[in-house]
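Every number in this text was worked out from the coordinates using simple rules, so none of it is lab data. Quick caveat: nothing in here was measured; it's all calculated off a predicted structure. Note that each Cβ is placed from the backbone with ideal geometry, even for glycine, and that neighbours are counted across all protein chains shown.
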Amino acid sequence: MKKKFIFYLSIIILLGSCHPGGIEYYEDTDVVYTNYDDSFDFQSKGVYAIPDKIVKLEGDLLEGEEPAFVKEPYNTQMLNQIKSNMTALGWTKTEDPADADLVMFPAVWTNTTLYYYYDYWCWYYYYYCGGWGWGYPSVSSYTTGTLLMTLVADGDEYIDPTRVWTANINGLLSGAYNSSRVTKSIDQAFTQSPYLKTN
Amino acid sequence: MIFGFLLMTAKSYGQQDSYMSVQYSVSFGTGDMGDYISKTSWRGMLIEYRGYVSSKIFVGMDAGWNVFYENKDYDTYTQGTESLSGIQYRYQNQVPLLATLDYLIVTDKALKPYVGLGIGTMYSERSTDMNLYRYELNSWQFALKGEVGLLYEINYSSAVKLAVKYYNGFKTNSLGNQGYVSVNLGMAWSL
């Protein structure tokens with residue numbers, strides 16, 4: 001009976017886990033999310049404005065802290081990619097946001113998640129079950145990066161500035177800036193938003 | 001390798017005995033499950049018990065496990081005004097647990113074709129990985145199984161079993177109908 005049990009168990013183990021395969025490279029985690037206000041008539045518009053800096057969200061701007069910005073040359077690379085996509089969809093850029101139908105606000109942020117493991121000795125000897133006091137925990141972490149692009153309308157039909165299109169690009173950061181990942185994802189945000197095209 | 005284990009443990013198979021069988025399964029999703037994962041599942045196994053009722057009829061239990069996996073290429077998924085692009089890793093685990101009834105069409109030859117039915121439950125676990133998130137749908141479903149197969153007596157003590165089974169787990173609140181065909185090959189030995 002024991003022999004048969006071991007036999008069954010060995011087959012189960014041989015078959016592998018219930019979640020075979022999965023993410024191998026950092027770019028495998030890249031996703032692009034877009035959403036829009038379907039009551040907004042993009043086709044009848046055609047002029048947009050965009051700041052010449054991409055804000056990096058950290059700290060608290062509402063508390064009066066100074067905003068940080070993306071460093072060069074990454075700032076210009078990303079802005080040029082956004083502008084070229086807007087041009088391809090028929091939009092004309094203006095320097096004065098007061099003349100624009102829509103204003104594009106790009107922003108980035110990173111988010112680091114830390115994992116602490118400090119209790120894994122405990123199974124061996126209860127004396128080690130004290131937690132933090134018994135030495136350094138094992139730590140691992142991962143960081144994700146996000147590029148947010150928002151098109152805001154504040155024309156006559158809106159009392160307050162209103163978000164009519166949002167694109168959120170997110171992926172696991174490798175520690176080195178990879179321009180092709182960012183470029184590809186910006187292009188994808190516009191590719192999956194054909195309703196932005198103007199006449 | 002698995003087949004080697006099967007041969008090693010095959011003890012005896014008798015025409016009028018209850019028997020156990022262990023089988024390797026290759027499966028293909030159909031309907032909603034086939035749309036979700038179109039790739040063939042090469043990870044699967046089945047353990048069967050069959051109790052002798054008459055020379056033509058056996059009743060018993062099936063317990064199986066089939067793992068489906070597909071890495072979907074970068075694609076865009078749209079719902080309403082929202083669109084999401086990325087690579088998806090799709091997993092589905094099926095665990096059928098069924099009471100069964102088999103009817104042997106031929107009993108006096110080494111090669112015994114049979115047909116079978118099963119009724120019971122099937123646990124379906126569907127996971128979709130995208131970005132760093134996993135979206136899961138799990139459900140215990142009422143399940144039916146239809147089966148055709150062959151038992152081939154190698155000698156008095158053991159038999160090879162080849163079976164094609166169709167499982168259907170019926171729709172629940174969290175998951176639609178889940179169906180798949182599995183082709184099973186294994187050994188049977190009497191108890």
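Where does each of B:95, A:31 land when they are ranked from fewest to most other beta-carbon atoms within 10 angstrom? Display every interim value, and only then the final one.
Details: B:95 17, A:31 20.
Least to most surrounded, the residues fall as B:95, A:31.
Based on other C-beta atoms within 10 Å, arrange A:124, A:142, B:91 from fewest to most.
Ascending Cβ contact count within 10 Å gives the list A:124, A:142, B:91.
Based on alpha carbons, the Rg and Dmax found for the protein assembly as shown are 29.8, 93 Å.
If we count every other residue with Cβ under 11 angstrom of residue B:135's Cβ, Lys/Arg +1 and Asp/Glu -1, where does the sum land? Write down the numbers at each step before the final one.
Working: positive: B:90, B:126, B:134; negative: B:129, B:136.
Counting the neighbours of residue B:135, the net charge comes to +1.
Cross-link partners for residue A:184 among the aspartates and glutamates, with Cα-Cα distance under 20 Å and sequence neighbours closer than 8 places in the same chain left out: A:24, A:27, A:28, A:30, A:72, B:73, B:75, B:82.
Got the relative contact order for chain B handy, in percent, Cα pairs under 8 Å and 6 or more residues apart?
About 25 percent, as a whole number.
Given chain B reduced to its alpha-carbon atoms as identical point scatterers, what log10 I(q)/I(0) does the Debye formula return at q = 0.08, 0.09 Å⁻¹? At q = 0.08, 0.09 Å⁻¹ the computed log10 ratios are -0.31, -0.38. The mean count of C-beta atoms from other chains within 10 Å of the C-beta of residues in A:29-40, rounded to a whole number, is 4. Ordering A:28, A:101, B:17 by the number of other Cβ atoms within 10 Å of each residue's own Cβ, fewest first, gives B:17, A:28, A:101. Where does the stretch B:82-191 land on the Kirkwood hydrodynamic radius, alpha-carbon pairs, in angstrom? Evaluated over the stretch B:82-191, this radius sits at 16.3 Å.
Over the stretch B:65-139, what lengths in whole Å, largest first, do the semi-axes of the equivalent ellipsoid take, defined as the square roots of 5 times the eigenvalues of the alpha-carbon gyration tensor?
Working: eigenvalues 345, 39, 23 Å².
Three semi-axes, in Å: 42, 14, 11.
Exceedance of the 29 Å cut-off in Cα-Cα distance is limited, within the set A:71/A:93; B:56/B:171; A:93/B:72; A:197/B:39; B:56/B:165, to B:56/B:171; A:93/B:72; A:197/B:39.
Taking the Cβ of residue B:73 as the center, what net charge do the other residues with Cβ under 15 Å away carry, scoring Lys and Arg +1 and Asp and Glu -1?
Charge balance near residue B:73 sits at -3.
With K and R counted +1 and D and E -1, the other residues having a Cβ less than 12 Å from that of residue A:47 yield a net charge of -2.
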